[in-house]
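Participant: Take this structure first; my questions come after.
The values are calculated or read from the model by the stated rules, or taken from the named source; none is laboratory data. Computed from a predicted structure; not experimentally measured. SASA here: full protein model, heavy atoms, side chains in, ligands and nucleic acids out. Shrake-Rupley method; radii C 1.70, N 1.55, O 1.52, S 1.80 Å.
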Amino acid sequence: MNDSGMRCRDRRNLPVENSFRPMNNSPFHRHLTPRLLLCKNYDLLLSRGIKCLFFDLDNTLVTITERYPREETKELFKSLKKKGFKIYITSNSISARLKPFAYELNVEYISSASKPKTEKIEELISKLKFGIDEIAIIGDSMMDDVVCGNTIGITTILLDQIDKKEFPLARIRRMKEKKIQKKCIKLAKSTKM
């Protein structure tokens, strides 16, 4: 159920929390649907067949000023691995920024991913033993993470940013995202799927 009490469904006809229909007046409308999830229920993801998670780094797992993962992030990743998830960090940040996190969390990473471009993510997917329906991308940016994931066709999970501090370019994109999100929420509340 979403905020308006209506039940939404994704492309595979499974219930999705707070899913949005396309916005025809948005340049991103075809990339914002149909698989936008706004939740962190990893058991739900497992029940839907998701086995591989691509996490963004900055403002998803850590603030832009942190240099090492938090203890709760280490515990989360241990828990997710015990559940059977394969985890990657996929970030637009450079390799030098990602290495300490990947090492501490014992995961592989893709740096300078250039999201929302899909080339590096698609290259990673082509090397994996998972199908498109078994992968989810998790991040705080609608215009980077969600657009990239939905362009490829993988499940997308949009999380709230964990800190207001951002890199300058991200701050500009965030203003555009907030306008789009408001329209999506308004549309979701007024339209039944």
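Participant: Quick check on the stretch 50-147: take the gyration tensor over C-alpha atoms, sort the square-rooted eigenvalues as a ≥ b ≥ c, and tell me if it's rounded (a/c under 1.5), prolate or oblate.
Facilitator: oblate
Participant: Ok, one more. Where does each of Met175, Met143 land when they are ordered by accessible area, with a 1.4 Å probe and the largest first?
Facilitator: Met175, Met143
Participant: Can I ask one more? How large, in percent, is the carbon and sulfur part of the accessible surface of the stretch 77-119 at a probe radius of 1.4 Å?
Facilitator: On the stretch 77-119, the fraction of accessible area on carbon and sulfur atoms equals 51 percent.
Participant: Using θ = phi - 60° and the Karplus curve 6.51 cos²θ - 1.76 cosθ + 1.60, what whole-Hz ³J(HN,Hα) does each residue of the stretch 116-126 get, with Gly and Pro shown as x?
Facilitator: With coefficients 6.51, -1.76 and 1.60, one gets x, 4, 10, 4, 5, 5, 5, 4, 4, 4, 5 Hz.
Participant: Cα to Cα, under 27 Å, and not fewer than 8 places away if on the same chain: which lysines meet these conditions relative to Lys176?
Facilitator: Filter leaves Lys40, Lys115, Lys117, Lys120, Lys164, Lys165, Lys186, Lys189, Lys192.
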